């Protein structure tokens, strides 16, 4: 599986935008970029995913570099509820491969 | 939609006992995954099923672990005999096939083996 690199931790002020970076320099053409988050004492939660184009949904935006070697998860206005560990994961889009392999993620702290 | 349902939420058992964890995936989802999370090793994929068939069990730590999916709405993860190092939170997840869908995780079962 292609690897991702994320900062171990980040802090952000409440009601400010948050940009969570992820490097994936060995990404292949069929790898989708997935983001999940895990709130304290809960299971991981799907946030967003994309292949080449930037993506938006009700939770966040995903900005993907033109060479696809990096991406950024954007939380437009952080709340205390966004404090979690955020995982950037590459998933091979080839049919038949369903594996989702988690790394260590970025622990996001929101400062009131 | 009730989401992915796992039971029990908490399990405390003595070393050597058999433990069975249960999972009900979201109706219509055709892939099911079992993960284990510990402080030391993070989230590890143990096994996954596609259309009730085990596809990849390379993450199952040893023969003491077994998983079954007898039908599309139920799966079990069994540990026999259990050991203290099996203490962890076990998550089940399900997914609808295709590239446009994410994985939905259950709330987990916290297993403590004493």
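We did not get these values from a lab; they are worked out from the coordinates using the rules stated. Bear in mind the structure is a predicted one, so any value in this text is a computation, not a measurement. Ideal geometry is used to build each Cβ from the backbone, glycine not excepted, and the neighbour counts take in all protein chains shown.
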Under a 10 Å cutoff between Cα atoms, tell me which one of A:75, A:100, A:39 has the largest fluctuation in the Gaussian network model of chain A.
A:100
Which length gain, in nm to one decimal place, applies between residue B:17 and residue B:72 when the Cα-Cα distance is subtracted from 0.36 nm times their residue separation?
17.0 nm
Rg/Rh for chain A to two decimals, with Rh computed the Kirkwood way over all alpha-carbon pairs.
0.95
What does the convex hull of the Cα atoms of the range A:70-112 come to per residue, in Å³, rounded to a whole number?
98 Å³
Roughly what % of Cα-Cα distances in the range B:49-102 sit above 16 Å, to the whole percent?
51 percent
Given 25 °C and 0.890 mPa s, how large is the Stokes-Einstein diffusion coefficient of the protein assembly as shown in µm²/s, with Rh as the Kirkwood radius over Cα pairs?
135 µm²/s
Choose one answer from A:37, A:68, A:81: the residue with the largest mean-square fluctuation in a GNM of chain A with alpha-carbon springs under 10 Å.
A:81
For the range B:16-114, what is the convex hull volume of its Cα atoms per residue in Å³?
96 Å³
If each of residue B:53 and residue B:99 carries a label point 7 Å out from its Cα toward its Cβ, how far apart are those two points in nm?
2.3 nm
Select from B:53, B:89, B:12 the residue whose mean-square fluctuation is largest in a Gaussian network model of chain B (Cα-Cα springs shorter than 10 Å).
B:12
Value of Rg to Rh for the range A:11-61 (Rh from inverse mean 1/r over Cα pairs, i.e. Kirkwood)
0.99
Whole Å is fine, so just give me how far the alpha carbon centre of the range A:36-89 lies from that of the range B:1-52.
24 Å
May I ask you to compute the full-extension gain from residue B:85 to residue B:41, defined as 0.36 nm times their residue separation minus their alpha-carbon distance, rounded to one decimal in nm?
14.7 nm
For the range B:1-72, what does the convex hull of the Cα positions come to per residue, in cubic angstrom?
116 Å³
Project the alpha carbons of the range A:35-92 onto their principal axes and report the range along each, largest first, in whole Å.
35, 26, 16
